[in-house]
Amino acid sequence: MEIILTVHHKGKIREIPVRKGLGFQGVCAKHVIGLEFDCRKADCGICNIKILSGSEHLSPPTAAEADFLKAMRADPDERLACQVRILGDVAVEVDYL
């Protein structure tokens, strides 16, 4: 079964087939989406993404990610891409590229 990551960015929509369990880092490296991953430890927040649908198909937040999102007063539909593993179809919006 193919998993689809749908990325919304500046009015464009890109559908990317991914392997279950792959992190956003791998997707970005392979498909050159342009997400920046500087810290990879949930310390900087530069890779904040908005989950449009399929949040149940993402790995649960790590303790570090949950703490960081709470500290930055993130909306419930926001995650740090550097911490997320894709487990099923999901759609995200990326504003900062």
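Every number here is computed from the coordinates shown, using simple stated rules; none is lab data. Just so we're clear, the structure is a prediction, and the values are computed from it rather than from any experiment. Positions of Cβ are generated from backbone atoms using ideal geometry, with glycine treated the same way; all protein chains shown enter the neighbour counts.
Observations on the structure shown:
- Karplus 3J(HN,Hα) series, Hz, for segment 5-16 with 6.51 cos²θ - 1.76 cosθ + 1.60 (x for Gly, Pro): 9, 9, 10, 9, 8, 6, x, 9, 10, 10, 9, 10
- Each residue, Lys30 and Lys10, gets one label point 7 Å from its Cα in the Cβ direction; the gap between the two is 2.5 nm.
- Between the amide H of Asn48 and those of Ala81, distances stay under 5 Å, these residues lying 5 or more places away or on another chain, with hydrogens modeled in the peptide plane.
- Rounded to the nearest whole Hz, the Karplus-based 3J(HN,Hα) values (6.51 cos²θ - 1.76 cosθ + 1.60, θ = phi - 60°) of segment 65-72 follow the sequence 5, 4, 4, 5, 4, 5, 5, 8, with x at glycine and proline.
- Each Cα pair of segment 3-93 feeds into the Kirkwood radius, which the Stokes-Einstein equation turns, at 4 °C and 1.567 mPa s, into a diffusion coefficient of 99 µm²/s.
- Average Cα contact separation per residue, the chain, under 8 Å, 6 or more apart, as relative contact order %: 42 percent
- Most tightly packed first, judged by the mean number of other beta-carbon atoms within 10 Å of their residues, the peptides 45-57, 7-19 read 45-57, 7-19.
- Residue-averaged 222 nm ellipticity for the chain, from DSSP H runs of 4+ at -39500 (n - 2.57), nearest 500: -5000 deg cm²/dmol
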